[in-house]
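The values are calculated or read from the model by the stated rules, or taken from the named source; none is laboratory data. What you see is a predicted model, and the numbers here were worked out from it, not measured in a lab. Don't worry about glycine lacking a Cβ; one is built from the backbone with ideal geometry, like all the others, and counts go over all protein chains shown.
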Amino acid sequence: MTYLFISDLHLSPDHPRLVRGFLALLDEYKNKNTQLYILGDWFNAWIGDDYTAPWLDEIITALQSFSAAGNQIYFQVGNRDFALGQKFLDQFNGTLLPDVYAIEIGQKKFRLEHGDALCTDDVAYQRFRKVIRNPVLLGLIKRTPLSFRQKLANGFRKKSSATKQLKSYDIMDVNAQAVESVIEHVDYLIHGHTHRPEIHQLQNKQRIVLGDWREDSAWILELNEQENYQLDFKQWTY
(Lines give C-alpha, C1' and ligand atoms only; values in the text may rest on other atoms or scores of the structure.)
Protein backbone atom coordinates (compact mmCIF):
# COMPACT_ATOMS: atom_id res chain seq x y z
CA MET A 1 0.00 0.00 0.00
CA THR A 2 1.23 3.47 -0.95
CA TYR A 3 -0.08 6.52 0.91
CA LEU A 4 0.20 9.77 -1.03
CA PHE A 5 -0.46 13.21 0.47
CA ILE A 6 -0.81 16.41 -1.58
CA SER A 7 -2.43 19.83 -1.18
CA ASP A 8 -2.73 23.31 -2.66
CA LEU A 9 -2.89 22.32 -6.31
CA HIS A 10 -5.17 25.27 -7.12
CA LEU A 11 -6.38 23.65 -10.33
CA SER A 12 -8.26 25.87 -12.76
CA PRO A 13 -8.76 26.27 -16.52
CA ASP A 14 -6.39 29.25 -16.36
CA HIS A 15 -3.43 27.01 -15.51
CA PRO A 16 -3.55 23.93 -17.76
CA ARG A 17 -0.03 22.84 -16.78
CA LEU A 18 -1.18 22.30 -13.20
CA VAL A 19 -4.02 20.15 -14.50
CA ARG A 20 -1.60 18.14 -16.65
CA GLY A 21 0.66 17.70 -13.64
CA PHE A 22 -2.18 16.27 -11.58
CA LEU A 23 -3.22 13.93 -14.39
CA ALA A 24 0.39 12.76 -14.68
CA LEU A 25 0.49 12.07 -10.93
CA LEU A 26 -2.64 9.92 -11.16
CA ASP A 27 -1.08 7.97 -14.01
CA GLU A 28 2.18 7.51 -12.09
CA TYR A 29 0.46 6.10 -8.99
CA LYS A 30 -2.39 4.28 -10.73
CA ASN A 31 -0.82 0.82 -10.37
CA LYS A 32 0.70 1.27 -6.91
CA ASN A 33 -2.33 0.38 -4.76
CA THR A 34 -2.54 4.02 -3.63
CA GLN A 35 -4.51 5.84 -1.01
CA LEU A 36 -4.52 9.44 -2.23
CA TYR A 37 -5.17 12.17 0.34
CA ILE A 38 -5.80 15.68 -1.00
CA LEU A 39 -5.65 18.10 1.92
CA GLY A 40 -7.51 21.09 0.59
CA ASP A 41 -7.26 23.77 -2.10
CA TRP A 42 -7.47 21.10 -4.77
CA PHE A 43 -9.14 23.73 -6.92
CA ASN A 44 -8.41 27.43 -7.03
CA ALA A 45 -12.11 28.07 -6.45
CA TRP A 46 -15.16 25.85 -6.20
CA ILE A 47 -18.60 27.31 -6.81
CA GLY A 48 -20.62 24.15 -6.31
CA ASP A 49 -20.94 20.48 -7.20
CA ASP A 50 -23.34 21.42 -10.00
CA TYR A 51 -20.52 23.17 -11.89
CA THR A 52 -19.46 21.47 -15.13
CA ALA A 53 -16.79 22.25 -17.72
CA PRO A 54 -14.70 20.32 -20.29
CA TRP A 55 -11.45 20.79 -18.35
CA LEU A 56 -13.13 19.35 -15.25
CA ASP A 57 -14.55 16.41 -17.21
CA GLU A 58 -11.00 15.37 -18.10
CA ILE A 59 -10.05 15.32 -14.42
CA ILE A 60 -13.15 13.34 -13.46
CA THR A 61 -12.46 10.74 -16.18
CA ALA A 62 -8.88 10.30 -14.94
CA LEU A 63 -10.08 9.95 -11.35
CA GLN A 64 -12.63 7.34 -12.40
CA SER A 65 -9.86 5.34 -14.05
CA PHE A 66 -7.64 5.78 -10.99
CA SER A 67 -10.42 4.55 -8.71
CA ALA A 68 -11.35 1.65 -11.01
CA ALA A 69 -7.76 0.41 -10.74
CA GLY A 70 -8.39 -0.21 -7.02
CA ASN A 71 -7.02 3.01 -5.58
CA GLN A 72 -8.77 5.19 -3.00
CA ILE A 73 -9.29 8.96 -3.05
CA TYR A 74 -9.82 11.11 0.05
CA PHE A 75 -10.39 14.85 0.18
CA GLN A 76 -10.46 17.56 2.85
CA VAL A 77 -11.77 21.00 1.96
CA GLY A 78 -9.47 24.02 1.99
CA ASN A 79 -10.09 27.74 2.13
CA ARG A 80 -10.53 27.90 -1.68
CA ASP A 81 -12.78 24.85 -2.22
CA PHE A 82 -14.77 24.58 1.02
CA ALA A 83 -18.00 24.28 -1.00
CA LEU A 84 -16.90 20.99 -2.58
CA GLY A 85 -19.08 18.15 -1.34
CA GLN A 86 -19.63 14.42 -1.49
CA LYS A 87 -21.83 14.76 -4.58
CA PHE A 88 -18.81 15.67 -6.71
CA LEU A 89 -16.66 12.97 -5.13
CA ASP A 90 -19.32 10.31 -5.77
CA GLN A 91 -18.51 10.52 -9.48
CA PHE A 92 -15.28 8.61 -8.86
CA ASN A 93 -15.93 6.91 -5.50
CA GLY A 94 -14.03 9.57 -3.56
CA THR A 95 -14.57 10.22 0.15
CA LEU A 96 -15.06 13.60 1.82
CA LEU A 97 -13.15 13.74 5.09
CA PRO A 98 -13.93 16.04 8.03
CA ASP A 99 -11.81 19.16 8.57
CA VAL A 100 -9.61 17.17 10.96
CA TYR A 101 -8.96 13.51 10.30
CA ALA A 102 -6.81 10.97 12.15
CA ILE A 103 -5.38 7.80 10.65
CA GLU A 104 -3.05 5.14 12.00
CA ILE A 105 -0.42 3.65 9.72
CA GLY A 106 2.12 1.16 10.99
CA GLN A 107 1.28 1.94 14.62
CA LYS A 108 1.98 5.63 14.00
CA LYS A 109 -0.77 8.21 14.41
CA PHE A 110 -1.26 10.91 11.78
CA ARG A 111 -3.42 14.03 12.02
CA LEU A 112 -4.49 15.47 8.67
CA GLU A 113 -5.94 18.94 8.04
CA HIS A 114 -5.72 21.73 5.52
CA GLY A 115 -3.86 23.99 7.94
CA ASP A 116 -5.73 27.29 7.80
CA ALA A 117 -7.31 26.72 11.23
CA LEU A 118 -3.80 26.66 12.72
CA CYS A 119 -3.08 30.24 11.55
CA THR A 120 -4.70 31.76 14.61
CA ASP A 121 -2.60 34.95 14.52
CA ASP A 122 -4.54 35.99 11.43
CA VAL A 123 -7.58 37.08 13.42
CA ALA A 124 -9.38 38.69 10.48
CA TYR A 125 -9.15 35.53 8.41
CA GLN A 126 -10.31 33.30 11.28
CA ARG A 127 -13.33 35.54 11.76
CA PHE A 128 -14.13 35.35 8.04
CA ARG A 129 -13.61 31.57 8.04
CA LYS A 130 -16.08 31.10 10.87
CA VAL A 131 -18.75 33.09 9.04
CA ILE A 132 -18.33 31.69 5.52
CA ARG A 133 -18.09 28.08 6.73
CA ASN A 134 -21.32 28.32 8.71
CA PRO A 135 -23.47 25.43 7.39
CA VAL A 136 -26.60 27.59 7.17
CA LEU A 137 -24.91 30.33 5.15
CA LEU A 138 -23.08 27.81 2.98
CA GLY A 139 -26.36 26.03 2.28
CA LEU A 140 -27.98 29.30 1.20
CA ILE A 141 -25.06 30.16 -1.09
CA LYS A 142 -25.25 26.75 -2.78
CA ARG A 143 -28.87 27.50 -3.74
CA THR A 144 -27.98 30.68 -5.63
CA PRO A 145 -27.40 30.67 -9.42
CA LEU A 146 -23.99 29.54 -10.69
CA SER A 147 -23.36 32.98 -12.20
CA PHE A 148 -23.78 34.63 -8.80
CA ARG A 149 -21.49 32.09 -7.12
CA GLN A 150 -18.86 32.69 -9.80
CA LYS A 151 -18.89 36.43 -9.12
CA LEU A 152 -18.74 35.74 -5.38
CA ALA A 153 -15.73 33.44 -5.80
CA ASN A 154 -13.94 36.01 -7.96
CA GLY A 155 -14.60 38.64 -5.31
CA PHE A 156 -13.20 36.41 -2.56
CA ARG A 157 -10.03 35.76 -4.58
CA LYS A 158 -9.43 39.44 -5.27
CA LYS A 159 -10.01 40.36 -1.63
CA SER A 160 -7.71 37.60 -0.46
CA SER A 161 -4.90 38.74 -2.77
CA ALA A 162 -5.31 42.35 -1.66
CA THR A 163 -5.31 41.59 2.07
CA LYS A 164 -2.26 39.31 1.77
CA GLN A 165 -0.26 42.29 0.50
CA LEU A 166 -0.99 44.10 3.76
CA LYS A 167 -0.20 41.24 6.14
CA SER A 168 3.20 40.28 7.50
CA TYR A 169 4.78 37.02 6.39
CA ASP A 170 4.61 35.52 9.88
CA ILE A 171 0.98 36.34 10.65
CA MET A 172 -0.15 34.06 7.83
CA ASP A 173 1.86 31.10 9.15
CA VAL A 174 0.73 28.62 11.79
CA ASN A 175 0.73 29.60 15.44
CA ALA A 176 3.21 27.56 17.53
CA GLN A 177 0.78 27.11 20.42
CA ALA A 178 -1.98 26.02 18.07
CA VAL A 179 0.33 23.37 16.66
CA GLU A 180 1.37 22.16 20.11
CA SER A 181 -2.25 21.80 21.17
CA VAL A 182 -3.17 19.53 18.24
CA ILE A 183 0.00 17.47 17.88
CA GLU A 184 0.01 16.27 21.47
CA HIS A 185 -1.75 12.96 20.84
CA VAL A 186 -0.29 12.07 17.42
CA ASP A 187 3.12 11.27 15.97
CA TYR A 188 2.73 13.29 12.77
CA LEU A 189 0.79 16.39 11.79
CA ILE A 190 0.40 16.80 8.02
CA HIS A 191 -1.08 19.97 6.54
CA GLY A 192 -0.83 22.42 3.68
CA HIS A 193 -2.20 25.97 3.22
CA THR A 194 0.92 27.99 4.07
CA HIS A 195 2.80 27.10 0.84
CA ARG A 196 5.98 26.55 2.89
CA PRO A 197 7.01 22.91 2.35
CA GLU A 198 9.14 21.69 5.23
CA ILE A 199 9.48 18.93 7.81
CA HIS A 200 9.59 20.41 11.30
CA GLN A 201 10.94 18.31 14.15
CA LEU A 202 9.06 18.86 17.42
CA GLN A 203 10.89 16.71 19.95
CA ASN A 204 9.81 13.15 19.01
CA LYS A 205 7.08 14.33 16.61
CA GLN A 206 7.02 15.83 13.14
CA ARG A 207 4.95 18.56 11.49
CA ILE A 208 5.04 18.04 7.74
CA VAL A 209 3.96 20.99 5.60
CA LEU A 210 2.93 20.16 2.05
CA GLY A 211 3.85 22.68 -0.63
CA ASP A 212 1.73 24.34 -3.28
CA TRP A 213 1.90 23.26 -6.91
CA ARG A 214 3.85 25.36 -9.39
CA GLU A 215 3.91 25.42 -13.19
CA ASP A 216 6.33 22.48 -13.47
CA SER A 217 6.72 20.88 -10.05
CA ALA A 218 5.18 20.20 -6.66
CA TRP A 219 6.14 18.81 -3.27
CA ILE A 220 4.43 15.53 -2.43
CA LEU A 221 4.60 13.18 0.55
CA GLU A 222 4.71 9.45 -0.03
CA LEU A 223 4.56 6.75 2.60
CA ASN A 224 5.25 3.23 1.40
CA GLU A 225 4.56 0.27 3.67
CA GLN A 226 6.82 -1.93 1.55
CA GLU A 227 9.69 0.25 2.76
CA ASN A 228 8.86 -0.04 6.46
CA TYR A 229 6.58 2.98 6.26
CA GLN A 230 9.38 5.29 5.20
CA LEU A 231 8.29 8.88 4.60
CA ASP A 232 9.50 10.29 1.29
CA PHE A 233 9.08 14.05 0.98
CA LYS A 234 10.03 14.75 -2.59
CA GLN A 235 9.65 17.15 -5.46
CA TRP A 236 7.35 15.87 -8.19
CA THR A 237 8.21 17.25 -11.61
CA TYR A 238 5.99 17.05 -14.68
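Among the residues of the range 122-133, which ones are within 30 Å of LEU4 (Cα to Cα) and surrounded by 11 or more Cβ atoms within 10 Å (Cβ to Cβ)?
Of everything in the range 122-133, those that are within 30 Å of LEU4 (Cα to Cα) and surrounded by 11 or more Cβ atoms within 10 Å (Cβ to Cβ) turn out to be ASP122, TYR125, GLN126, ARG129, ILE132, ARG133.
What residue, among those in the range 84-93 that are part of a loop (DSSP other than H, G, I, E, B) and surrounded by fewer than 22 Cβ atoms within 10 Å (Cβ to Cβ), is modelled with the highest pLDDT?
Ranking the qualifying residues of the range 84-93, first place goes to ASN93.
If I go through the range 189-223 residue by residue, how many of them are surrounded by 23 or more Cβ atoms within 10 Å (Cβ to Cβ) and in a loop (DSSP other than H, G, I, E, B)?
4
Would you point out the residue of the range 94-114, among those that are farther than 20 Å from HIS193 by Cβ and basic (Lys, Arg), that is modelled with the highest pLDDT? Give the derivation first.
In the first step, residues of the range 94-114 are kept if they are farther than 20 Å from HIS193 by Cβ; the result is 94-95, 104-109.
If we keep only those that are basic (Lys, Arg) as well, we get 108-109.
Numbers: LYS108: 90, LYS109: 94.
Filtering first and then ranking leaves LYS109.
Please list, ordered by first then second residue, the pairs with beta carbon atoms under 9 Å, 6 or more apart or interchain, first in the range 1-27 and in contact (Cβ under 8 Å) with a residue 12 or more places away in the chain, second acidic (Asp, Glu) and buried (at least 21 other Cβ atoms within 10 Å of the Cβ).
Close Cβ pairs satisfying both conditions: SER7/ASP41; ASP8/ASP41; LEU9/ASP41; HIS10/ASP41.
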